[in-house]
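A.B. asks: Just dropping this structure here.
The values are calculated or read from the model by the stated rules, or taken from the named source; none is laboratory data. As the structure is a computational prediction, the values presented were derived from the model and not from experiment. Counting neighbours? That spans all protein chains shown, and the Cβs are built from the backbone with ideal geometry, glycine included. Note: accessible area is taken over every heavy atom of the protein model, side chains too, but ligands, DNA and RNA are not part of it. Shrake-Rupley method; radii C 1.70, N 1.55, O 1.52, S 1.80 Å.
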Amino acid sequence: MFDLRMNQVRWEANVKNGVCAVGFDRCDIQMNKFVVCCLEAQFHTFDARTQHPQKGFSSVTERVSAGSTVWGVSHLPQNREVMMISSGDGTLHLYKYHYPDQRKIKVGWLAAWQGQGHASALARGRLQA
């Protein structure tokens, strides 16, 4: 993640697959969470409220039921916990992100680490021509 205001790399991570899309939950508020869509039917949800100096952002990795590439993500404007994920076989997956019970966990003297949330599947449908 590159910070354009400071002109420096803020954070980087290896998600072990090719990145196809990155979606932020809302652009008009402080950064809350973002989703990275990848190859091999995976997407990673990063909770960006607290950044640990060594571990980075807390994340959870989910797999869509179909084994195809996840090409895009879009969050619902009215409820930023709900997101639609599109996969390469024409399937649309509706997910809801659930925040952890305890977002900040004290790890050391000064560092705080976030608990991991999870994404649950709400619905799935396939588009066909």
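A.B. asks: Looking only at residues that are open to solvent by 50 Å² or more (accessible area, probe 1.4 Å), over 20 Å from the mean Cα position of the chain (by Cα) and over 20 Å from residue 54 (Cβ atoms) in the range 110-129, which one is modelled with the lowest pLDDT?
C.D. replies: 129
A.B. asks: Continuing with the same structure: Looking only at the range 47-76, filter to residues that are of a type in the set (S, T, N, Q) and touching an Asp or Glu at 6+ places or on another chain (Cβ under 6 Å); which one of those is farthest from residue 117 (Cα to Cα)?
C.D. replies: Per the stated criteria, the residue is 68.
A.B. asks: Looking only at the range 67-109, how many residues end up being at pLDDT 90 or above, farther than 23 Å from residue 49 by Cα and either in a strand (DSSP E or B) or open to solvent by 70 Å² or more (accessible area, probe 1.4 Å) (or both)?
C.D. replies: 8
A.B. asks: Also: From 5, 49, 26, grab the single residue that is at pLDDT below 90, among the charged types (D, E, K, R), open to solvent by 70 Å² or more (accessible area, probe 1.4 Å) and over 24 Å from residue 101 (Cβ atoms).
C.D. replies: Exactly one residue qualifies, and that residue is 5.
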